[in-house]
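The structure appears right after this line, and notes come after that.
The values are calculated or read from the model by the stated rules, or taken from the named source; none is laboratory data. On a predicted model such as this, the values are computed, not experimentally measured, just so you know. As a convention, Cβ positions derive from the backbone with ideal geometry for all residues, glycine included, and neighbour counts pool all protein chains shown. Calculation scope for accessible area: heavy atoms of the full protein, side chains included, ligands and nucleic acids excluded. Shrake-Rupley method; radii C 1.70, N 1.55, O 1.52, S 1.80 Å.
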Amino acid sequence: MRGAKSGKKRLWRWRDNPLRRHDDIVEAWIVLAVWAFIAVGGAVAGVVTARAADQVLAQQRADRRPVQAVLLTDVPKSTGTGGVADERRMARVRWTAPDGSFRTGLSRVDSGLGAGTSVMVWEDGRGRLVAEPPGATEAAIEAGVLGALAVAAVAGAALGAGAVARWRLNERRMALWGREWDLVGPRWGHRTG
């Protein structure tokens, strides 16, 4: 029986304390609500964001397709300046759109290629040049990272709101203590300072 009673005290520390104030109970509920919101709201936000990102990336993989294009200009060789050289550069290319028309545009291609070289570019269903879609593994990682960022955003917002609420409670406590001290202090006689 004694273990159950001490367990209740650990779970709710203000329950039988004769010094507890109403503000202490409110603060305990605020902390509980913040952590519950982080656990539930964060999980929901993370899952919803990750699934939405995964669907968008899957749609990109389904919509985009590789096509052969021809370089219209020379692509100079990359010259690294002490760091890692970027091996891809923007260049003008010509390709055949799904409707059979010839189109030109800018796409990232390997550096060091000459005009007339055949390169692989990506286009969407409307024949516009687009970036290569991420693979299934890259998409899963990206969706997971976006989900984790959503969890962090919900947690940050909840912790911030809880901190503001607790700050307001502390301001209220200080004001109450000040008023009580103004009433009780003169009864104690000589004041210092």
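Quick look at the values:
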| quantity | calculated |
| --- | --- |
| Rounded to whole Hz, the Karplus (6.51, -1.76, 1.60) HN-Hα couplings of the stretch 95-106, x for glycine and proline | 9, 9, 6, x, 7, x, 7, 8, 10, 10, x, 9 |
| Check: the chain dipole with +1 on Lys, Arg Cβ and -1 on Asp, Glu Cβ, in debye | 1280 debye |
| Cα pair count fraction exceeding 21 Å, expressed as % - the stretch 115-193 | 68 percent |
| For LEU113, distant residues with modelled amide H under 5 Å away | VAL75 |
| Rounded accessible area per residue of the chain, 1.4 Å, Å² | 71 Å² |
| Sparse-neighbour loop sites [trypsin sites (Lys or Arg not before Pro); the stretch 36-127; at most 10 other C-beta within 10 Å; DSSP] | ARG126 |
| Span per principal axis, largest first, for the Cα atoms of the chain (Å) | 98, 50, 31 |
| Distant-in-sequence amide H partners of GLU123 (H built 1.01 Å from N, under 5 Å) | ARG65, VAL67, VAL130 |
| Value of relative contact order over the chain, rounded to a whole percent, pairs C-alpha under 8 Å and six or more apart | 26 percent |
